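Right, one structure below, let's go through it.
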Amino acid sequence: MHAVITALPGDGIGPEVVAEGLRVLHRVGEQWGHRFEVREALLGGCAIDATGTALPEATLQACRDSDAVLLGAVGGPKWDDPAASVRPEQGLLGLRKALGLFANLRPVTLHPRLIAASPLRPERLQGVDLLVVRELTGGIYFGEKGRDATPDGGESAYDECVYTTAEIERIVRVAAQLARSRRRKLTSVDKANVLETSRLWRSVTARLMREEYPDVQLEHMLVDACAMHLIRRPADFDVIVTENMFGDILTDEAAMLAGSLGMLPSASLCAAAGHHRTSDVQPRRMGLYEPIHGSAPDIAGKGIANPLATILSVALLLRHSLGLDVEARAIEAAVARALDDGIVTGDIAAPGERVCTTTEVGAAVVERLVA
Ligand code: IPM
Ligand code: MG
């Protein structure tokens, strides 16, 4: 296969972890005889520095012209001034919106070796295998926002939260479809006791599931209760579907089940066959793949960041955008073997254990890839 992939290393540790992800990607290409053509572009703080905008037109065009996008991370203290008119995060949000990437998949699984790295007691972690499906292009992230002056000389600020029936239906369908390929259990998370958007969310979800997915067990859960149950009984969850901001918060929490934010990959997908290059006979599903951790400016440039979330994101890229499930599984197996062999960065090392660098971990995964 020939595929075009845009790499957006971004800021902070982004370039270091993306380099390891690409190393694994190229090794897969060699072993299975695929040609992955990788083009690099600027996004986030580095794009602001070079061009004045977080999402340059050339970057957006490069992404549109590719089969998939691999992203490191954006942001850092250099661009954090709350009064700044351009922010790195605008680049990421603009890209998600422009590419129509409404479905964000964040799987949480736990390698046995990492149980010790989690702050939770081992018995609670037994059997944890969940998938959060986060709505990614609607809600409070994309509503109207602004400031007004108040008569007392102060200011007021607002962020509008809007969801439509169609937006809720399409994300719930993605989640329900995925639940069918797993344990057939879907937890829809909202705040229906307070928010109107959540009440619409709940009723649309209930109807759609009854009509289209009667074979998938549905439960509704309030977001505050979900935050608790994720810690109290995480193994009970199969697929969680929720709106943009709740999903943002709950996935950082869920990441701690896996021991470290440094372990979790994510996939952001558009509608099936919604995007294709004009040269394609068979439309492929465009997606953006990124570790869920951020740019971690405190450890950037030190070569100690955990590249596994990015490497696992490459596996998701192969599976969801290129349909290469065998190759995706091979990467996941290689990561598991590296962990079995104790190849770990500091964030997941047990006390006294040897700590590897970012490139050592990447090299160890490459060595363990078997076709
Ligand atoms: C995430 C991140 C982003 C988000 C930020 C960087 C805008 O936290 O992908 O979870 O809030 O969506
Ligand atoms: Mg987040």
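No lab work stands behind these numbers, since they all come straight from the coordinates. These figures come from a predicted structure and were not determined experimentally. Neighbour counts are summed over all protein chains in view; Cβ atoms, including those assigned to glycine, are modelled from backbone coordinates with ideal geometry.
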Checklist entry - Label points 7 Å out from Cα along the Cβ direction at ARG124 and ASP236: separation in nm? => result 1.3
Checklist entry - Using θ = phi - 60° and the Karplus curve 6.51 cos²θ - 1.76 cosθ + 1.60, what whole-Hz ³J(HN,Hα) does each residue of the stretch 50-55 get, with Gly and Pro shown as x? => result 7, 10, x, 10, 6, 10
Checklist entry - So, counting K/R as plus one and D/E as minus one, what does the shell of residues with Cβ under 14 Å around GLY259 add up to? => result -1
Item to check | Cβ-based net charge around ALA300, under 10 Å, with every Lys or Arg adding one and every Asp or Glu removing one | outcome: -2
Next on the checklist: For the chain, take N as its residue count and report Rg(C-alpha) divided by 2.2 N^0.38 Å.
Outcome noted: 0.98
Checklist entry - Given the pairs LYS97/LYS145; LYS78/LYS191; LYS97/LYS185; LYS145/LYS302; LYS97/LYS302, which are separated by over 27 angstrom at their Cα positions? => result LYS78/LYS191; LYS97/LYS185; LYS145/LYS302; LYS97/LYS302
Item to check | 5 angstrom amide H check on LEU218, placed H, neighbours 5+ away | outcome: LEU186
Checklist outcome for this item: In whole Hz, the Karplus estimates of ³J(HN,Hα) for the stretch 355-366 (6.51, -1.76, 1.60; θ = phi - 60°; x where Gly or Pro) are 9, 9, 8, 4, 6, 4, 5, x, 5, 5, 5, 4
Checklist outcome for this item: For the stretch 231-371, the convex hull over Cα atoms projects on average to an area in nm² of 11.0
Item to check | Estimated [θ] at 222 nm from DSSP helical runs (n ≥ 4, -39500 (n - 2.57)) normalised by residues in the chain, nearest 500 | outcome: -12000 deg cm²/dmol
Next on the checklist: Around THR109, under 10 Å between beta carbons, what's the net of Lys plus Arg minus Asp minus Glu among the other residues?
Outcome noted: -2
Checklist outcome for this item: Given 25 °C, 0.890 mPa s and a Kirkwood radius over Cα pairs, the Stokes-Einstein diffusion coefficient of the stretch 54-203 in µm²/s is 129
Checklist entry - Near the amide H of ALA7, under 5 Å away, which other amide H atoms are found, from residues 5 or more places off or on another chain, if H is placed in the peptide plane? => result ARG39, GLU40, ALA41, LEU70
